[in-house]
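For reference, the structure discussed in these notes is given below.
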Amino acid sequence: MSTTALIVAAGRGERLGSETPKQYLDLDGQSLLTRVINGFAAHPSISAITVVIDPSHRGLYDAAVATVAETAGLQAPVTGGDSRQASVLAGLEALAQTGGTERVLIHDAARPFFDGALIDRVLSALQSAPAAIPALPVTDSLHRANGDGTLDHPVDRIGLHRAQTPQGFDFAAILDAHRRFHDAATTDDAALAHLAGLPVKLVDGDVRNAKITTQADLEDAKRLAGRGTPAAMVRVGSGFDVHRFGDAPGPLRLGGIDIDHPVGLRGHSDADVALHAITDALLGAIAGGDIGEHFPPSDNAWQDADSARFLHHAADMVRACNGHINHVDLTIICEAPKIGPHRQAMRQRIAELLELEETAVSVKATTTERLGFTGRGEGIAAQATATVSL
């Protein structure tokens, strides 16, 4: 499909306190805008690049694109509007006049550190939805403030995400949304898509893909640019857990789902041996201790607790380390129940809990040929590995 990168660069960046608009400031030998254009030009799925500018900045724009190769697919710049939303609409209308665009990636020129993997995630999500944005879960505590600057009350951060760009859309759908809601006050294109009733998929963002707004942001960007985009450190963690069958009747909780079985597993929590193994694997990848340290069985707070809470906690710890969960591989060891009929449901549930694509979750099963405690049907064991990029 034809995909155009629409770069919004018409702002003045007044909060930065610079006479030169921030998108044209130098960052280790290249302007922010030049870096952004080159980032899209290097991706094989980008067919064309259009930049929305303030016409009074035309000299700065020409200097910024002077070193961009002709093969980058850069189109003539488009004159922006009085607001970001108006500028995006102007860019979309220009693309509509040109024709041929089926998907559009709308990106802020003040985010120079996106990469090809981030573009891949957005484009992949667009295969099954009309809109997709990269976002990062909010991990800090949130509090609402009073008008006098004092603390009012905490805000629940569950489900909250920080949106980033590039935000991807079906071109016709987002153009229609901008036309219909051009007077709506929204902060990004995803909010406008939501107003238009478009489902918006979230994909993993990148902590390096921060927007440069203040002087402190610019200094951070200079340090990052000076040493190049840091390579990810890949860590692999392993986890192993065992639970015996109890006396209480089933169902059996395994891999985050309930399975029809004569008896369940015995444990302080819900005894989900599979999720416990994955939790330990994630903790191991970041050297974060083990499940017993974080959720001691001596603490009655975890009596009969849903093990999904343990897995969420481990995933949050990975993200707090600026980490990304790449893949989870789980092996369940038992004679019964048969895992095959439930494998896909487990994959879906684990992927949902970890906010991963199903392709990043593997669930396998084996027996011990009737040897040992699992062979005698006394319990179930599980082992897991987790691959994490820091």
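Results, tabulated for the structure shown:
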read-out	value
Helix 32-41 vs. the chain, principal-axis angle (Cα, 0 to 90°, nearest 10)	60 degrees
Crossing angle, helix 273-285 versus the chain [Cα axis fit, 0-90 degrees, rounded to tens]	50 degrees
Semi-axis lengths, Å, the chain, gyration tensor of Cα atoms, sqrt of 5 times eigenvalues	47, 22, 20
Backbone HN-Hα couplings from phi across the stretch 328-338 [Karplus 6.51/-1.76/1.60, Hz, Gly and Pro as x]	10, 10, 10, 10, 9, 10, 6, 8, 8, x, 6
Residue order, fewest to most beta carbons within 10 Å, for Leu371, Leu6	Leu371, Leu6
Within the stretch 1-34: backbone nitrogen closer than 17 Å to the Ala145 label point (7 Å, Cα to C-beta)	none
For Gly256, residues with placed amide H under 5 Å, excluding near neighbours	Leu275
Taking Glu293, Glu357 and counting other C-beta atoms within 10 Å, the order from fewest to most	Glu293, Glu357
Packing-based exposure ordering (other Cβ within 10 Å, fewest first) of Glu355, Glu369, Glu19	Glu19, Glu369, Glu355
Where labels lie 7 Å past Cα in the beta-carbon direction, separation of Ile158 and Arg309 in nm	1.0 nm
Degrees between helix 308-320 axis and first principal axis of the chain (Cα, 0 to 90, nearest 10)	40 degrees
Net length gained if the chain between Thr368 and Ser128 were fully extended (0.36 nm per residue, minus Cα distance)	82.4 nm
Ellipticity estimate at 222 nm from DSSP helix runs (n ≥ 4, -39,500 (n - 2.57)) divided over the chain, nearest 500	-9000 deg cm²/dmol
Karplus (6.51, -1.76, 1.60) ³J(HN,Hα), θ = phi - 60°, over the stretch 50-59, in Hz, Gly and Pro reported as x	10, 10, 9, 10, 7, x, 6, 9, 4, x
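FYI, it's all coordinate maths here, none of it is from the lab. The shown structure was predicted, so the numbers you read here are calculated from the model rather than taken from an experiment. Cβ sites come from the backbone with ideal geometry, for glycine too, and all protein chains shown count toward neighbours.
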